[in-house]
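Read the structure below first, then the notes.
Laboratory data are not the source of any read-out in this text; all were calculated from the coordinates shown. No experiment lies behind these values; they were computed from the predicted model shown. Here the Cβ positions follow ideal geometry from the backbone for every residue, glycine too, while neighbour counts run over all protein chains shown.
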Amino acid sequence: MVSTIATVLMWGVGLSLIYVLYRTIKGHPIERRVVFLYIALTISLPLLMGKTAPVPVTADVQQLVDALNELTPGSKVLAAFDFDPASAPELQPMGVAFMKYAFKHDFKVIVMGLWPQGPQQANQAIELAMKDEIIAAKNLQYGIDYVNLGYQSGAEFVIQYMGSEFKRMFPLDDRHIPYDSLPIMNDISNFSNIDFIFNLSAGKPGTVEWIQIAVDRFGATCGAGNTAVQAPQVYPYLRSGQLTGLLGGMSGGAEFEKAINEKGQASTFIFAQMISHATVIAFIIMGNIAFFITRKKKKA
Amino acid sequence: MRREIPLIITTVAGLVFAVSYFIPHWPFGEAESIFGDWVAIIQAFAIWLGALNLVKVSLEKIYRKKEDALYAGIIIVCLLLTIAVGFYDGFTGGPQSSFRDTGTSFDWIYRFVYTPLTSTMFAMLAFFVASASYRAFRARNFEATLLLIAGFFVMGGRVPLFHLLLKPFTDVPYFSEFAGWIMAYPLTAGMTAIMIGIALGIMSSSLRIILGIERSHIGGGA
Amino acid sequence: MAQKNSKRISIVPFVIVISFFSLIIFSQSIQAQTEQEVFDSVQALIRQAEAADIPPAPVMKLQAVDNPNDKGGAIIVSWDLSVDDAEVKAYQIVRSESKDAGFELIGEAVRGNNTFVDNKVEDGKSYFYRVLSMKTTLEADNTVRAVSSLQATVEPVVSSAQWFYMTRASCLFFVLLISCAIIFYINKAKSGADIYVRKIAGIDAVDEAVGRATEMGRKIFFIPGIQDMNDVQTIAGIAILGRVGQLAAQYETWLEVPVSKSLVMVTARETLKEAYTQVGRPDAFNQNQVHYLTDDQFGYAAAIDGMVVREKPATIFYMGAFFAESLILAETGNAAGAIQIAGTAMPSQLPFFVASCDYTLLGEELFAASAYLSKEPRQLGSLKGQDFGKIIFMAAIIIGVIIETFTNYNVSQYFKVK
């Protein structure tokens, strides 16, 4: 019912754009607040429609999936959640999908955060992943199959120290359990004992710091998920081979979900993003029409 | 001496950090760790400095009954409440639990107050991106037109929009691949050039700071 | 910065870079032979291992060496995978200080992994290693039985610290080269040589922006980004704040600096106090001009947006490191009708500032701004040194692309820094 109403309203919003275009051609360009209203409608209505969009998996995402597929059961994976709730709509679905993949493939998952809110986001992702039937059946144990080392302040210095010894930065985990009492950390002293680093980043400290220190200085392998705004800054590292795979923004998340066959939130959100992109494109076209009309008037 | 001591600390720390990048042997590797520890400790204590300043400025606003005294009051109440809840959860949760654990009152604040608030701010980007694009993407001249065309293809290609429009004719995601190509080559080339310029700028600035030529940041003229 | 005499200096970097590439190509041709020999011997060992029929087969060619390029305390144990790798559960690494007894388990490497770094060793002590390829089978009584094989190292290993990261030699070469160039031009400028720096519109507009605020009788906001003092961008921003502070003090205009990091607050306060003193207005400085808001990225953005909407400043400066909040701040400032000057070295935020601000300092211009504003010869000299670095990079890119495209030499690997 809700989806039907949303679909009907969405068509109405789409058709009303024709009227806006007509007004623009007549020399009445729309003001900022109308643009805001359209964006609000074209993001929220598609979310209520509950539809998904078919996403083609790009090479950057496939590279990350290939690297994960190469890992064997028991591989130690460090998941660094370096973001806060603000970026969660883009990054949290990636985190959940990654956790599901890691647990289903029996990886040992070590979670940490260079942002204070990161470990909490990781807890939420783990909680959601654990609801999956296959994962629930595995009866995974905290401290043996996964651990949350928590947050440590010091940004890139934390990565720097982890290069020599994890324990120095995380003497206790997020639950105050001593490092040495965690069976999963028994034979992990630094990056040389970690098979793959997966970083979710919304800024600094984030992927760039992980690449520059953990990858370049300590030889770790790192793949990442970034917000769409942040992703262009990471592309040069992807091309140079320093970064092993990149999930860029909502589309990256949706592609990742498709590539590992885990239907999640990103697959739904991408539909709303698609419609809102279409709206922005429509406004850019109208903006140009208004611009040419104004210029023509000025010349006349 | 008020200027000289910070300058000496800057020069020594700067040189040690630079040298330890190339020399792992003691004492350089260790010195880098020691300076790092100092940074972490100072940063941790500095949080209090900021919090106290925030309280002081807010209390002054309330005392002087300024226009935004109401907001200042909300800040102080929220600050104290969050700290109190965190302490309460931390002390009552048992030895092997965290105030951040799922189900604690702090976690409730995090999930249902903090998360929606910051998400709202971030979500405002959607509106601002639209209004900025509406203004900025105009075919004023040749370069702006190129930017407009690239923006058009990336915006349509990074989501399945153009792919869906093309689907009746072909399954090959040409537009998605083209958007990927723009991101992978022209964008990376431009970004790399900007980053090289920035790296050199950082290097030159760092040298000026280490050599004591640039002193504005320690409250001094050049 | 486009500068005079660029023709004269442009040949030197090309010569340096060509020599560097020649050295790499020469050393690579020697190494290629060695790699072939190693490959042949490994193949021979694998064939030998394939002939063995004891499940699980032991690992081959076990080696333990001191971890190169480190500060000591680490030994790398490596091996060729067991031929039964697919059946192996894990490779167990055991260590002892004597050859025949006292071996203790120190770690495991999962199937498919052929290296383990032992980080729990003392420098100067000799260690013996063995690697067991372990396979587990489930018995009838539901117990898991581990089946392992052994192989010991031939020679004991001692870890030690190194005096130089050999893998960073090329980095050191270029760092020294560019640093020397920067110092050379600083000295040259000090001796009175004429340094030309192209005009930067964003910096030239600072006077106009401060003047506008004075005319309108409204505030100036200066936002130094959301990073701490350990980010060079913040330092560059604070350096510009000093100059803006001097102008604001002269014009008697209220300059407000809301910050998101406590250390930035302390530094900005000192800088502003000094700026006011330098122009003879120490009494006009008020501590509350610089105040802390929050460390939280969007909390900070929300607070500034609120202040901008309520107080409608005439001028806003954004100088430092910005992330996703850049557009939220700049668009709100734009809607409030403020004249906005931004400067950041965050490449992904530059487009947003360009779209919403009147002037934007792009990347390196932010770092040049302080030197440009100070007009001090030594600072301007460092900018010319920067240009030398650019020519070096351009030469390296052009020559590298030619070599990689038209020859079989893989020169890019020598530029990888580990």
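When the helix-only estimate is applied to chain B (DSSP H runs of n ≥ 4, each -39,500 (n - 2.57), divided by the residue count), what is the mean residue ellipticity at 222 nm, nearest 500 deg cm²/dmol?
Rounded to the nearest 500, the figure is -24000 deg cm²/dmol.
Excluding residue A:155 itself, what net charge comes from residues whose Cβ is under 13 Å from its Cβ, given Lys and Arg +1 and Asp and Glu -1?
Within the 13 Å Cβ shell, the charges total -4.
Take chain A, mark every one of the trypsin sites (Lys or Arg not before Pro) that falls in a DSSP loop and has at most 11 other Cβ within 10 Å, then report the longest stretch left between them, sites excluded.
So the longest stretch without any such site is A:132-300.
Contact order normalised by length for chain A, with contacts defined as Cα pairs under 8 Å and 6 or more residues apart; what percent is it?
So the answer I get is 25 percent.
Tally Lys/Arg at +1 and Asp/Glu at -1 over every other residue whose Cβ is under 11 Å from the Cβ of residue B:24; what's the total?
For residues surrounding residue B:24, the net value is 0.
When DSSP beta bridges are limited to those with both residues in the protein assembly as shown, what percentage is antiparallel, rounded to the nearest 5?
Looking only at bridges with both residues in the protein assembly as shown, the antiparallel portion is about 45 percent.
What number comes out for the charge environment of residue C:156, summing +1 per Lys or Arg and -1 per Asp or Glu over other residues with Cβ under 15 Å away?
Neighbourhood net charge equals -3.
Between C:272, C:263, C:373, where does the largest GNM mean-square fluctuation fall for chain C, given springs only between Cα atoms within less than 10 Å?
Taking springs between Cα atoms under 10 Å, the residue moving most is C:263.
How many partner chain Cβ atoms sit within 10 Å of a residue's Cβ in peptide C:271-280, on average, as a whole number?
Neighbouring Cβ atoms belonging to other protein chains average 2 per residue here.
Taking beta carbons within 10 Å but only from partner chains, what does the mean come to for residues C:228-234?
Mean number of neighbouring Cβ atoms from other chains: 5.
Evaluate E = 1/(1 + (r/R0)^6) for residue C:99 and residue C:416, where r is the Cβ-Cβ distance and R0 equals 30 Å; express this FRET efficiency to the nearest 0.05.
E between residue C:99 and residue C:416, to the nearest 0.05, is 0.20.
Using a 10 Å cut-off around each Cβ of peptide B:43-53, what is the average number of partner chain Cβ atoms that fall inside?
Across B:43-53, the average partner-chain Cβ count within 10 Å equals 6.
Have a look at B:82, B:118, B:188 and tell me which one the Gaussian network model of chain B (Cα, springs below 10 Å) gives the largest fluctuation.
Comparing B:82, B:118, B:188 in a Gaussian network model of chain B, the most mobile one is B:118.
Cα to Cα, under 30 Å, and not fewer than 8 places away if on the same chain: which lysines meet these conditions relative to residue C:261?
A:167, A:204, B:56, B:61, B:65, B:66, C:219, C:273, C:312, C:375
Which of the lysines could be linked to residue C:135 by a straight reach, that is with a Cα gap under 24 Å, when you skip same-chain ones fewer than 8 residues away?
A:76, A:104, A:108, A:138, C:61, C:89
Cross-link candidates for residue B:167: which lysines have Cα within less than 25 Å, leaving aside residues fewer than 8 places away along the same chain?
Cα-Cα hits under 25 Å: A:51, A:258, A:263.
What do you get for chymotrypsin sites (Phe, Trp or Tyr not before Pro) in region B:105-206 restricted to DSSP loop and a cutoff of at most 13 other Cβ within 10 Å of the site's Cβ?
Hits after loop and neighbour filter: B:169.
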